[in-house]
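**Student:** Okay, handing you the structure first.
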Amino acid sequence: MSKVIHMALVDDEVDVEIIYKTFLRKEISKGIMELFFFEDGQSVLEFLKGKGSNCQILILVSDINMPNMDGLTLVEIVNKEFPHIDLYLSSAYDQSDAKEQMDQANVKNYLEKPVDFEMVKKIVHDKYEEINKD
């Protein structure tokens, strides 16, 4: 049986969940992936710490500009506590000044909004192949 990709999407704009689910509907309906949506960094951290072995998040995509905890802070924490998770940041604003901070947190890529969903699909499919190659 194939392993499923669990992706955490973190964005304070709730419409983003609908957009991702729309563009990734084939991957979701085929059982390649499950999408978990969180409106802030604290919620996803609580989920990661609480679910443990019940849900293995492998990809995390976070908006950078959010209230309470920004995406850069979130990925720094996740990188330290959950180093197996592939990290991606997203924003509609220029984030070139944060490149060094992204590199230190092992962010794999920056997804500029509007997001290129062909790139997101490639990320999902590449990870799916990686974890199911046995």
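The values are calculated or read from the model by the stated rules, or taken from the named source; none is laboratory data. Since we're looking at a predicted model, the values are computed, not measured. Positions of Cβ are generated from backbone atoms using ideal geometry, with glycine treated the same way; all protein chains shown enter the neighbour counts. Just the protein is used for accessible areas: all its heavy atoms, side chains included, with ligands, DNA and RNA removed. Shrake-Rupley method; radii C 1.70, N 1.55, O 1.52, S 1.80 Å.
**Student:** Among the residues of the stretch 20-29, write down those that are farther than 15 Å from SER62 by Cβ and touching a residue at least 12 places away in the same chain (Cβ under 8 Å).
**Tutor:** Scanning the stretch 20-29 gives LYS21, PHE23, LEU24, GLU27.
**Student:** Just name the residue that is surrounded by the most Cβ atoms within 10 Å (Cβ to Cβ) out of those in the stretch 70-93 that are part of a loop (DSSP other than H, G, I, E, B) and in contact with a Leu (Cβ under 8 Å, 6 or more places away or on another chain).
**Tutor:** ILE85
**Student:** Just the residues that are open to solvent by less than 30 Å² (accessible area, probe 1.4 Å) and either in a helix (DSSP H, G or I) or among the polar types (S, T, N, Q) (or both), please, taken from the stretch 112-134. Walk me through it before giving the result.
**Tutor:** Pass one, the stretch 112-134, residues open to solvent by less than 30 Å² (accessible area, probe 1.4 Å): 115, 117, 120, 123-124, 127.
Within the stretch 112-134, PHE117, VAL120, ILE123, VAL124, LYS127 qualify.
**Student:** Which of the helices (runs of 4 or more DSSP H) found entirely inside the stretch 1-65 contain at least 1 residues meeting this: under 18 Å from LEU111 (Cα atoms)? It would help to see each step written out before you state the result.
**Tutor:** Numbers: elements: 15-23, 25-29, 41-51.
Because the criterion is at least 1 residues that are under 18 Å from LEU111 (Cα atoms), the helices (runs of 4 or more DSSP H) in the stretch 1-65 that meet it are 15-23, 41-51.
**Student:** Is there any pair linking a residue in the stretch 105-126 that is closer than 16 Å to MET7 by Cβ to one that is open to solvent by 20 Å² or more (accessible area, probe 1.4 Å) and assigned to a helix (DSSP H, G or I), with Cβ under 6 Å and at least six apart or on different chains, and which?
**Tutor:** Final answer for the pair search is PHE117/PHE23.
**Student:** Right, next: If you check ILE5 against the conditions, is it under 18 Å from GLU130 (Cβ atoms) and open to solvent by less than 50 Å² (accessible area, probe 1.4 Å)?
**Tutor:** yes
**Student:** How about the stretch 97-111: which of its residues are in a helix (DSSP H, G or I), of a type in the set (S, T, N, Q) and open to solvent by less than 80 Å² (accessible area, probe 1.4 Å)? First the steps, then the outcome.
**Tutor:** Narrowing the stretch 97-111 to residues in a helix (DSSP H, G or I): 97-104.
Keeping just the survivors that are of a type in the set (S, T, N, Q) gives 101, 104.
Of everything in the stretch 97-111, just one residue is in a helix (DSSP H, G or I), of a type in the set (S, T, N, Q) and open to solvent by less than 80 Å² (accessible area, probe 1.4 Å), namely GLN101.
**Student:** On the basis of being out of contact with any strand residue (DSSP E or B) (no Cβ under 7 Å at 6 or more places or on another chain), at pLDDT 95 or above and of a type outside the set (S, T, N, Q), does LYS122 make the cut?
**Tutor:** So LYS122 passes the test.
**Student:** Could you list all residues from the stretch 44-69 that are closer than 21 Å to LYS121 by Cβ and open to solvent by 30 Å² or more (accessible area, probe 1.4 Å)?
**Tutor:** Scanning the stretch 44-69 gives a single hit, GLN56.
**Student:** Filter the stretch 20-43 down to the residues that are among the β-branched types (Val, Ile, Thr) and surrounded by 16 or more Cβ atoms within 10 Å (Cβ to Cβ) and list them by number.
**Tutor:** Scanning the stretch 20-43 gives ILE28, ILE32.
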